[in-house]
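*Asks:* Okay, here's the structure, questions in a sec.
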Amino acid sequence: MTSAIQASAPPVPTPGLIASLNARLWLDHTPGDEVFTSLLLSFPAPQFADVDPAEVERTMRGVGASLGVAPRGQGLADVGERLTVHAGGVILLHFDGSRYAMRLPAHPRWAKAISGFGRVLLAVGLDELSPVASRVEIDEYIEAGGETGRLLVGLAMVADSPRTARRAGRDAPAGGRR
């Protein structure tokens, strides 16, 4: 028998969930015109089926907990070394409590930027978003999520080596903050 706390606790991302997440990466600018790198993870809206918004939120809170991100209103959490850049521009995102990593879309300019900056603004949306959403729809999703507390954020570091990030993800408790 599971307790109410266990039943409501966000799940640790499974390999299937990790593979299904939408990942959107881009370069952005601060008001002072400094460039920074961003990564948004969202739940893919299914094309032919309805989803339960409460289950989507629970799932994405699990993703957020495994990355250490927090509601935007609580400031920018330092979520530790989460990203690794491998030969050929392969970029992996590492989760606490999971031995699996997410392979991010290959984009040489973004890979070069995160290697140079050493950090990424990481955002996790609590609502579904179409995998074919336009840039305008993504901007609206981010704005609305930030205003309503439906966007979790953190500052992720790029690991010096793949081994460092894998060890950090394996050793950290699921949903634990660094």
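*Asks:* Note down the magnitude of the dipole of the stretch 82-148 about its Cα centre, charges +1 on Lys and Arg C-beta and -1 on Asp and Glu C-beta and zero elsewhere, to the nearest 20 debye.
*Replies:* Working: 7 positive and 8 negative charges, 142 e Å.
Approximately 680 debye in magnitude.
*Asks:* Also, I was wondering about something else. With N set to the residue count of the stretch 16-123, report its C-alpha Rg divided by 2.2 N^0.38 Å to two decimal places. List each step's numbers first, then the result.
*Replies:* Working: Rg = 14.6 Å, N = 108, 2.2 N^0.38 = 13.0 Å.
That works out to 1.12 for the stretch 16-123.
*Asks:* Read phi for every residue in the stretch 82-97 and hand back ³J(HN,Hα) as whole Hz from Karplus 6.51 cos²θ - 1.76 cosθ + 1.60, θ = phi - 60°, with x for Gly and Pro.
*Replies:* My calculation for the stretch 82-97 gives 10, 10, 10, 10, 10, 3, x, x, 6, 10, 10, 10, 9, 10, 5, x Hz in order.
*Asks:* For the charge dipole of the stretch 32-132, defined by +1 on Lys and Arg C-beta atoms and -1 on Asp and Glu C-beta atoms about the Cα centroid, which residue among Ser42, Ser115, Gly125 has the Cα displaced farthest towards the positive pole?
*Replies:* Farthest towards the positive pole: Ser115.
*Asks:* For the stretch 30-125, which chymotrypsin sites (Phe, Trp or Tyr not before Pro) are in a loop by DSSP, counting at most 11 other Cβ atoms within 10 Å? Before the final figure, lay out each step's value.
*Replies:* Details: sites: Phe36, Phe48, Phe95, Tyr100, Trp110, Phe117; in loops: Phe48, Phe95, Tyr100.
Loop-located and lightly packed - Phe48.
Read-outs throughout are calculated quantities, based only on the coordinates presented, and are distinct from any laboratory measurement. These numbers were taken from a predicted model, which means no experiment stands behind them. No Cβ is skipped: glycine too gets one built from the backbone with ideal geometry, and neighbour counts run over all protein chains shown.
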